[in-house]
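Colleague: Here it is, the structure in full.
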Amino acid sequence: MRVRTMGIAAVAASVVLAIGAAVAMAVKTNADARLNGYKEVPAISTTGGGRFEAEIGSGEVSYTLRYHDLEGGDVLFAHIHFGKPATNGGVIAFLCGGGDKPACPASGTVHGTIDAADVIGPAEQGIEPGEFRELVRAIRRNAAYVNVHTQDFPTGEVRGNIIPS
C-alpha cells in the first residue's frame, strides 16, 4: 500500500511540474538590450549604438532591433548569441542578414519574429537546432546577448545583454 501511495504521489508531482513548466512558457515576458561597443569582448570604440526590444510568447519571440551611427561599414548580420555578460558565445538565431531574415539595413530598424525553426544552436554549448525553449531559458537567465556585426568589425561592433523585465 505504501509503495502504491508513493507511486501516486510521484505521478502527481510530475503532473504539477509539467503544468508549471507549460504555464511558465505561456506567460509573456518582455526583454530588452542596450547596445554599444563597450560591451563587445574585447571592447570596441565606436559611436554606434542601438536597442533591442522583445516580447517572448509561447512559441515565438517578436522583436524590434534599432541601431545607428555604426562606423564599421556595411552591416553583415545581427544575431542573438548564447553567453553571459563579458563572454563570447555561439549564435542562437539570426535577427537580420541570415537564415530566413531580411538583409540588415545600414542603419535603422528591423522587426521580426523568431520561432523554433529559427533556432540554429549552438550545439557545442548544448542548444540543438529547433530548441526554442532553450532560447527562452537563456534570455530569462541573462545568458543571451544581441550582437550587430559590420564589415570592419566582423566579430561585432555593438552588443547588448538581453535583460528580461
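Colleague: Restricted to segment 37-46, and to residues that are closer than 29 Å to I56 by Cα and surrounded by 19 or more Cβ atoms within 10 Å (Cβ to Cβ), which residue is farthest from the chain's Cα centre (by Cα)?
Modeller: G37
Colleague: I'm trying to understand the selection: among the residues of segment 105-121, which are under 19 Å from R133 (Cβ atoms) and either modelled with pLDDT under 95 or not in a strand (DSSP E or B) (or both)? Break it down into steps so the answer makes sense when it comes.
Modeller: Keep residues of segment 105-121 that are under 19 Å from R133 (Cβ atoms), which gives 113-121.
If the condition is that a residue be under 19 Å from R133 (Cβ atoms) and either modelled with pLDDT under 95 or not in a strand (DSSP E or B) (or both), then D115, A116, A117, D118, V119, I120, G121 are the ones that fit.
Colleague: Assess whether G59 counts as being on the phi > 0 side of the Ramachandran plot, at pLDDT 95 or above and either over 13 Å from the mean Cα position of the chain (by Cα) or exposed (fewer than 11 other Cβ atoms within 10 Å of the Cβ) (or both). It would help to see each step written out before you state the result.
Modeller: Numbers: on the phi > 0 side of the Ramachandran plot: yes; at pLDDT 95 or above: yes; either over 13 Å from the mean Cα position of the chain (by Cα) or exposed (fewer than 11 other Cβ atoms within 10 Å of the Cβ) (or both): yes.
So G59 fits the description; yes.
Colleague: Still on this model: Which members of segment 121-165 meet the condition of being in contact with a Lys or Arg (Cβ under 6 Å, 6 or more places away or on another chain) and charged (D, E, K, R)?
Modeller: Applying the first criterion (in contact with a Lys or Arg (Cβ under 6 Å, 6 or more places away or on another chain)) to segment 121-165 yields 143, 145, 147, 159-160, 164.
Matches in segment 121-165: R159 only.
Colleague: Also, I was wondering about something else. Filter segment 107-129 down to the residues that are under 29 Å from D74 (Cα atoms) and of a type in the set (V, I, T), then identify the one that is surrounded by the fewest Cβ atoms within 10 Å (Cβ to Cβ).
Modeller: If we take residues in segment 107-129 being under 29 Å from D74 (Cα atoms) and of a type in the set (V, I, T), then T109 is surrounded by the fewest Cβ atoms within 10 Å (Cβ to Cβ).
Colleague: Something else now. Somewhere in segment 130-138, is a residue at pLDDT below 95 and surrounded by fewer than 16 Cβ atoms within 10 Å (Cβ to Cβ)?
Modeller: no
Colleague: Of the conditions (1) crowded, with 20+ Cβ neighbours inside 10 Å; (2) more than 16 Å from T150 (Cβ to Cβ), C104 satisfies every one except a single condition; which number is it?
Modeller: Result: C104 passes all but (2).
The values are calculated or read from the model by the stated rules, or taken from the named source; none is laboratory data. All of these numbers come straight from a predicted model, not from anything done at the bench. All Cβ positions, glycine included, derive from the backbone under ideal geometry; neighbour counts span all protein chains shown.
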